[in-house]
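Contents: one structure, followed by commentary.
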Amino acid sequence: MIEFENVRMVYPNGTEALSDVSLKIDEGEFVFIVGASGAGKSTLLHLLLREEKATDGTIRVGDYDLSTIRNRKIPYYRRKLGVVFQDFKLFDHKTVYENVSFAMRAIGAPSSLIRVRVPAILKSVDLSAKYKSFPTELSGGEQQRVSFARAIANNPDIIIADEPTANIDPEMTFEMMNLLLKFNKLGKTVIVITHERGLVNYLKKRVITLDKGRIVDDTKGGLANESL
Ligand code: ADP
């Protein structure tokens, strides 16, 4: 369960990016977070990843309270979350296999587990044949799948896709959504940050709309109005 209670975020320059945001996302939900540029979507993501600390209010994720979590516990907390970034953030000098195994090594996973899990994950995203390739040798869709594979490498409870469709074509968008839906079917929570109304309406999932730092709509089953 993810719970924001009266969360306010004011940056040091005085910009209030989120005001009185309260929301609950249950385990296993699939949620879109939408809103125009500047609405506060990235801020919400930074708070969730605990890259920033909320100015006021409480954020709880499972057993963790992000207002009181100790710094040394933050890396453990982040293991619950897998993030697919807009620009993939792959290491160009590492192979597909290394890009995924690096994420596991970084949290101290044993080599025996890495040797079994990385091939299995690459298979699940249909990249077994490309494990020795470097990102620059891959299509955009393949890079996206590596990015997804890396996000799920440590078996997170929650996956967050940050503007996953910003740099990709409709076919890749469809593929990305299928990966996220597949992951969701395993009972995992999926949060997609986007401004693509077509996509949101097509999937008919819960949509939380932010506007000027406030939640202005929270609807199940796609967007009801023309708010984007
Ligand atoms: P979105 O992701 O929806 O485009 P953001 O969360 O990036 O929105 O931004 C929300 C508001 O906070 C905007 O007014 C933006 O200019 C401001 N903002 C974002 N990051 C910072 C920062 N590091 N310092 C000051 N203001 C920021």
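Some points to look at:
- The trypsin sites (Lys or Arg not before Pro) of the stretch 52-158 that DSSP puts in a loop, and whose beta carbon has at most 15 other beta carbons within 10 Å, are LYS53, ARG70, ARG79, LYS89, LYS94, LYS132.
- Per residue solvent-accessible surface (Å²) - the stretch 85-133, probe of 1.4 Å: 59
- Rounded to the nearest 0.05, the FRET efficiency derived from the C-beta distance between THR15 and ASP217 at R0 = 25 Å is 0.65.
- Built amide H within the under 5 Å cut-off of ASP217, gap 5+: THR209
- Relative contact order of the chain, defined on C-alpha pairs under 8 angstrom at six or more residues apart (%): 28
- Charge tally for ASN99 (other residues, Cβ to Cβ under 12 Å; Lys, Arg +1; Asp, Glu -1): +4.
- Cα-projected label distance for SER67 with HIS46, points at 7 Å along beta-carbon direction, nm: 2.0
The values are calculated or read from the model by the stated rules, or taken from the named source; none is laboratory data. Note that this is a predicted model, so its numbers are computed, not measured. Cβ: placed from backbone, ideal geometry, glycine included. Neighbour counts: every protein chain shown. These accessible areas exclude ligands, DNA and RNA; they are computed on the full protein's heavy atoms, side chains included. Shrake-Rupley method; radii C 1.70, N 1.55, O 1.52, S 1.80 Å.
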